[in-house]
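Step one of this worksheet: look at the structure below.
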Amino acid sequence: MNAEAFKEAIENLAKEKGISEDIIYETMELALTSAYKKNYKSLSNVRVDINRETGNIKVFSFKTVVDPDTTVEVVVDETLEGEEIKEEIPFPFDERIHLTVEEAQKIVPDIELGGTIEEEVTPKDFGRVAASTAKQVVVQKIREAERDIINQEYGDKEGELVVGNVAMEDVRNFYVELGKIQGILPKTEIIPGEKIEMNNKVKAYITKVEMGTKGTLILLSRSHYGFVKRLFELEIPEINEGIVLVQSVAREAGSRTKIAVFSENLNVDPVGACIGEQGSRINKIIHELKGEKIDVIRYEKDPAEFIKNALSPAKNLQVYVTSENNAMVVVADEDFSLAIGKKGSNVRLAARLTRHKIDVKSQSMARDEGINIIME
């Protein structure tokens with residue numbers, strides 16, 4: 001490969017991988033330096049330079065100007081107490097990597113101690129030898145650079161909503177293309193009963209971002225309660241703008257979700273804002289959740305009122321907060337099954353939403369237990 005073709009290949013690689021050309025050039029220079037040392041049995045006093053404008057590769061050997069009559073301090077032993085024993089030894093002058101001041105000034109008259117003198121030593125066949133030797137090193141460095149870019153992009157995305165294309169499927173997972181990386185959507189994390197089609201776009205919630213030596217792991221979910229919260233933020237402008245706030249969310253994916261909202265603006269109806277005119281807003285979210293029922297609840301600071309709202313669609317009930325996290329609810333007999341819900345789902349979600357243990361009794365059950373309740 002000639003210099004012009006090499007430069008073009010670097011430019012294409014940088015564009016394709018989204019990596020800075022400087023990173024690739026620096027990686028190539030380090031890799032080619034290692035290749036030269038290995039193939040030409042060189043000492044450490046060598047560097048490879050790639051001209052960014054032309055793509056030409058050159059190898060330089062350099063010698064450092066030193067004073068051979070000086071001494072250096074080295075550690076030769078250690079005491080029982082851990083103290084180092086040092087000794088002064090003559091400077092280890094090596095004419096292959098060192099020059100005296102007198103020798104150096106014959107080449108560069110004004111050079112001083114510590115300066116270096118370089119000489120080009122590029123072998124004629126270096127391009128062929130170096131390319132084959134450095135290939136794996138360069139590939140690894142490029143992978144590291146790609147991984148750093150992905151980590152920067154997704155490192156703080158845990159808990160966010162993403163959209164990607166479903167690319168692959170195996171027995172346990174779907175694999176979703178998210179730009180330069182694939183997210184893993186376990187089949188246990190999709191909405192029960194939904195069908196995920198290959199090559200279709202899918203929205204998902206990032207539950208975990210784990211950065212490791214082998215790459216970045218991104219776990220996705222469509223059944224997590226956070227998925228619903230992010231959908232509300234996406235579809236309800238008042239939530240996105242902070243006019244309406246989400247207090248809490250409780251969900252049983254594929255069945256029902258309860259979401260508690262409120263607004264500090266007395267002129268805003270938080271529940272109405274979420275539902276929209278004739279259900280226009282909430283219906284978009286229900287469609288994304290494959291028909292899952294959603295109860296939008298008005299949050300109240302008074303725990304009793306909040307619990308009463310959370311048990312919607314049940315009405316005709318009285319709430320008694322018996323301790324910090326416990327409440328007893330007495331409901332009219334005809335609304336008892338509605339308050340409990342199918343297989344207990346309504347009261348279970350209300351308990352999660354309000355963070356209270358809720359004991360629901362019908363009016364007749366309360367009366368049998370000697371509790372006299374007058375329903376409003």
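Near the amide H of Val244, within less than 5 Å, lie the amide hydrogens of Ile239, all on another chain or at least 5 residues away, with H placed in the peptide plane. Let me check I've understood the local charge: for Gly276, count other residues with C-beta under 12 angstrom from its C-beta, Lys and Arg +1, Asp and Glu -1. What total comes out? Net charge around Gly276: -2. Electrostatic bookkeeping for Ala145 treats Lys and Arg as +1 and Asp and Glu as -1; over the other residues with beta carbon under 12 Å from its beta carbon, the sum is -1. The trypsin sites (Lys or Arg not before Pro) of the stretch 110-218 meeting both criteria, a DSSP state outside H, G, I, E and B (loop) and at most 11 other C-beta atoms within 10 angstrom of the site's C-beta, are Lys124, Arg172, Lys195, Lys214. Near the amide H of Ile294, within less than 5 Å, lie the amide hydrogens of Thr257, all on another chain or at least 5 residues away, with H placed in the peptide plane.
Farthest toward the positive end of the dipole of the chain, out of Val347, Phe174, Ile206, is the Cα of Val347, where the dipole comes from beta carbon charges about the Cα centre.
Run through the DSSP bridge list for the stretch 161-221 and note the antiparallel percent, rounded to the nearest 5. Restricted to the stretch 161-221, the bridges split so that about 95 percent are antiparallel. On the principal axes of its alpha carbon atoms, the chain extends 110, 60, 45 Å, with the longest extent given first.
Straight Cα distances below 19 angstrom link Lys187 to the lysines Lys195, Lys201, Lys203, Lys208, Lys290, with same-chain residues fewer than 8 positions distant left out. Classification of the stretch 161-221 by its C-alpha gyration tensor yields a prolate form. The axis ratio a/c (a ≥ b ≥ c) is 1.5 or more, and a/b outweighs b/c.
Which of rounded, prolate or oblate describes the stretch 302-376 when judged by the alpha-carbon gyration tensor and an a/c cut-off of 1.5? In terms of gyration-tensor shape, oblate. Among the GluC sites (Glu not before Pro) in the stretch 12-77, those placed in a DSSP loop whose Cβ has at most 16 other Cβ atoms within 10 Å are Glu53. Of the trypsin sites (Lys or Arg not before Pro) found in the stretch 259-293, those that fall in a DSSP loop while having at most 15 other beta-carbon atoms within 10 Å are Lys290.
Using a/c under 1.5 as the rounded threshold, could you call the stretch 183-336 rounded, prolate or oblate? The axes a ≥ b ≥ c are square roots of the C-alpha gyration tensor eigenvalues, and prolate needs a/b larger than b/c, oblate otherwise. Because a/c hits 1.5 or more and a/b exceeds b/c, the stretch 183-336 counts as prolate.
Each Lys and Arg adds +1 at its Cβ and each Asp and Glu adds -1 at its Cβ; summed about the Cα centre, the chain shows a dipole of about 2860 debye.
Divided by 2.2 N^0.38 Å, where N counts the residues, the Cα radius of gyration of the stretch 101-212 comes to 1.99.
Residues whose amide H falls under 5 Å from that of Leu178, counting only those 5 or more places apart or on a different chain, are Gly183, with hydrogens built in the peptide plane. Each of Gly18, Gly114, Ile50 was scored by the projection of its Cα onto the charge dipole of the chain, and the greatest displacement toward the positive side belongs to Gly18; charges sit on the C-beta of Lys, Arg, Asp and Glu. DSSP bridge analysis restricted to the stretch 233-308 gives an antiparallel fraction near 55%, rounded to the nearest 5. Relative to the globular-protein estimate of 2.2 N^0.38 Å, the Cα radius of gyration of the stretch 1-158 stands at 1.42. Would you mind counting up the charge near Glu84? Only other residues with Cβ under 9 Å from its Cβ, with Lys and Arg at +1 and Asp and Glu at -1. Spelling it out: positives minus negatives among the neighbours equals -2.
The alpha-carbon of Lys180 sits under 15 angstrom from the alpha-carbons of these aspartates and glutamates, leaving out residues fewer than 8 places away in its chain: Glu16, Glu144, Glu146, Asp148, Glu153. Computed from Cα positions, the angle between helix 225-235 and the longest principal axis of the chain comes to roughly 90 degrees. Normalised by the number of residues in the stretch 221-376, the mean separation of alpha-carbon contacts (under 8 Å, six or more apart) gives a relative contact order of 18 percent. Take every DSSP beta bridge whose two residues both sit in the stretch 302-376; close to 50 percent of them are antiparallel. Per-residue Cβ neighbour counts within 10 Å put Leu113, Leu161 in the sequence Leu113, Leu161, beginning with the fewest.
Read-outs: derived from the displayed coordinates by stated rules, not from any lab. Computed from a predicted structure; not experimentally measured. With ideal geometry, Cβ positions are generated from the backbone for all residues, glycine too; neighbour counts draw on all protein chains shown.
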